[in-house]
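J.: Structure below; questions to follow.
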Amino acid sequence: MLNEFVDKVLVHERDIKGCSSSSQTVEIYFNFVGQFIPPNFETQETQLTEEERKALEKKEILRQRLRANYQRRKANGKAKEYYEKTKAKKKAQIDALKEQERAADKAKGIYTELKDLPPCEPKKAAAI
C-alpha cells in the first residue's frame with residue numbers, strides 16, 4: 001500500500017567513495033506532495049551546541065586524515081605488504097580459536113569428527 005504513495009526514491013553517491021561510514025543522501029518523493037523531508041532532519045543541525053559542533057568537526061578532520069593516510073599506503077603498496085606480512089599470524093590465531101571452540105563442543109558432546117564415529121555397514125534398500 002505504501003508503494004501507491006511513493007512517486008520515486010533517489011539514492012545519491014556517497015560523499016567519499018569506498019568509505020562505509022560516509023554520509024549518503026536519499027530523497028523520497030511522494031505523489032501529490034513532492035520531496036519529503038522529515039521535520040527532525042531540518043532542525044537537527046540547529047539543535048547542536050557549540051561544543052558538540054566542534055567535537056564533530058574534530059572527529060571529521062581526524063577521519064579525513066586517517067583516510068588520506070590509508071589511501072597513501074594503499075597507493076605505494078605498504079597496505080598490501082602489511083597484509084601479506086600479518087596474514088599467516090592472523091590465520092594461526094583464527095585456527096587456534098576454532099580449535100578451542102571445537103574442544104569445548106566435543107566436551108559438551110555437540111561436535112564429533114567422522115573418524116570418531118563407530119563404523120557401520122550400509123543398509124540395503126527394502127524391495128517394494
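J.: Can you find a residue in the stretch 68-77 that is without any contact (Cβ under 8 Å) to a residue 60 or more places away in the chain, over 26 Å from ASP15 (Cβ atoms) and of a type outside the set (S, T, N, Q)?
T.: yes
J.: Across the stretch 83-126, what is the total count of residues that are of a type in the set (Asp, Glu) and under 30 Å from TYR70 (Cβ atoms)?
T.: So the answer is 2.
Each row is one residue, and each column tells you yes or no for (1) in contact with a strand residue (DSSP E or B) (Cβ under 9 Å, 6 or more places away or on another chain); (2) not aromatic (Phe, Trp, Tyr).
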| position | (1), (2) |
| --- | --- |
| PHE5 | yes, no |
| GLU13 | yes, yes |
| THR25 | yes, yes |
| LYS59 | no, yes |
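J.: Further, regarding this structure: Quick one: in the stretch 111-128, of everything that is of a type in the set (Asp, Glu) and touching a helix residue (DSSP H, G or I) at 6+ places or on another chain (Cβ under 9 Å), which residue is farthest from GLN100 (Cα to Cα)?
T.: Filtering first and then ranking leaves ASP116.
J.: Are any of the residues in the stretch 49-57 in a helix (DSSP H, G or I), more than 28 Å from SER23 (Cβ to Cβ), at pLDDT 90 or above and small (Gly, Ala, Ser)?
T.: Scanning the stretch 49-57 turns up no residue that is in a helix (DSSP H, G or I), more than 28 Å from SER23 (Cβ to Cβ), at pLDDT 90 or above and small (Gly, Ala, Ser).
J.: Kindly indicate which of TYR111, TYR70 is assigned to a helix (DSSP H, G or I), surrounded by 11 or more Cβ atoms within 10 Å (Cβ to Cβ) and modelled with pLDDT under 90.
T.: Result of the check over TYR111, TYR70: TYR70.
J.: If I filter the stretch 12-37 down to residues being hydrophobic (A, V, I, L, M, F, W, C), surrounded by 10 or more Cβ atoms within 10 Å (Cβ to Cβ) and under 26 Å from ARG63 (Cα atoms), which single residue comes out as nearest to the chain's Cα centre (by Cα)?
T.: In this case the residue turns out to be CYS19.
J.: Just to be sure I understand, how many residues within the stretch 5-33 are over 29 Å from ASN69 (Cα atoms) and either free of Cβ contacts under 8 Å to residues at least 12 places away in the same chain or part of a loop (DSSP other than H, G, I, E, B) (or both)?
T.: Residues meeting the conditions: 3.
J.: Return the only residue of ALA88, ALA104, ALA96, ALA92 being assigned to a helix (DSSP H, G or I) and surrounded by 11 or more Cβ atoms within 10 Å (Cβ to Cβ).
T.: ALA104
The values are calculated or read from the model by the stated rules, or taken from the named source; none is laboratory data. Please read all numbers here as calculations on a predicted model, not as lab measurements. Neighbour counts run over all protein chains shown; Cβ positions are idealised from the backbone, glycine included.
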